[in-house]
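Below: the structure, in structure tokens.
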Amino acid sequence: MFRIATIGVYGFDGESFLRRLRHADVHLLLDVRQRRGVRGPDYSWANAARLQRALAAAGVGYRHVKELAPTTEMRQLQYREDDRRGVGKRNRAVLAPEYAERYTSEILDRFDLGALLAGLPGDSATALLCVERDPEACHRSLIAERLRTEYGAPVTDLRPG
């Protein structure tokens, strides 16, 4: 039986991120970001090439699942809602309802999660990666909830600290 974890970049450094994955028995990381870079020196470890090298050295597989990434237009919609609420991307606590609806109908409903699950390891956990610290503020929570409700996958949210 597959197990799903979710993890973000914010709040971790490279070492604590890998340690958290090891502790959760994650052997495959599914990167669901559209743009696989993070601004600022504190998070340069999470840029795709560096992250993939660190994961390989730690024995964790990596797969970019761009088809599950929100479009630029959807991200802009969320940023406008963040601005309206007066919160920054790193402080967001929830997704905008319109963003969640559009992501679900335009991306998630059209993606074959069953086929994705068929290719996941059954003897370890697989983590969904995006940027936001808290899954409630990120589209990975929508993917995880679908995996939980439609496929019975146990989901664990990995957070810093």
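Can you tell me which residue in segment 109-147 is surrounded by the most Cβ atoms within 10 Å (Cβ to Cβ), limited to those that are basic (Lys, Arg) and under 28 Å from Gly11 (Cα atoms)? Among residues in segment 109-147 that are basic (Lys, Arg) and under 28 Å from Gly11 (Cα atoms), the one surrounded by the most Cβ atoms within 10 Å (Cβ to Cβ) is Arg140. From the list Glu81, Glu73, Glu106, Glu150, the one residue that fits, being among the acidic types (Asp, Glu), exposed (fewer than 15 other Cβ atoms within 10 Å of the Cβ), within 24 Å of Val38 (Cβ to Cβ) and over 16 Å from the mean Cα position of the chain (by Cα), is Glu73. Tallying residues that are hydroxyl-bearing (Ser, Thr, Tyr), farther than 25 Å from Gly88 by Cα and free of Cβ contacts under 8 Å to residues at least 60 places away in the same chain within segment 101-150 yields 2. For segment 1-35, a residue qualifies if it is in contact (Cβ under 8 Å) with a residue 24 or more places away in the chain and of a type in the set (Asp, Glu), and the qualifying residues are Asp13, Asp25, Asp31.
Scanning segment 36-64 for residues that are touching a residue at least 12 places away in the same chain (Cβ under 8 Å) and out of contact with any helix residue (DSSP H, G or I) (no Cβ under 8 Å at 6 or more places or on another chain) turns up Asp42, Tyr43, Ala48, Gly59, Arg63. Taken together, Leu51, Leu29 contain a single residue that is part of a helix (DSSP H, G or I), surrounded by 15 or more Cβ atoms within 10 Å (Cβ to Cβ) and at negative phi, which is Leu51. Yes or no: segment 13-26 includes at least one residue that is among the β-branched types (Val, Ile, Thr) and surrounded by 18 or more Cβ atoms within 10 Å (Cβ to Cβ). Among the residues of segment 13-26, at least one is among the β-branched types (Val, Ile, Thr) and surrounded by 18 or more Cβ atoms within 10 Å (Cβ to Cβ), which makes the answer yes. Of all the residues in segment 55-70, those that are over 14 Å from the mean Cα position of the chain (by Cα), in a helix (DSSP H, G or I) and surrounded by 13 or more Cβ atoms within 10 Å (Cβ to Cβ) number 1. Residues considered: Leu120, Leu129. Of these, the only one that is out of contact with any helix residue (DSSP H, G or I) (no Cβ under 7 Å at 6 or more places or on another chain), of a type in the set (A, V, I, L, M) and at pLDDT 95 or above is Leu129.
Considering only residues in segment 85-102 that are of a type in the set (D, E, K, R) and either at pLDDT below 95 or in contact with a His (Cβ under 6 Å, 6 or more places away or on another chain) (or both), the one that is surrounded by the most Cβ atoms within 10 Å (Cβ to Cβ) turns out to be Arg92.
The values are calculated or read from the model by the stated rules, or taken from the named source; none is laboratory data. Predicted, not measured: the structure shown is a model, and the values here were computed from it. Here Cβ is always computed from backbone atoms with ideal geometry, including for glycine, and neighbour counts include all displayed protein chains.
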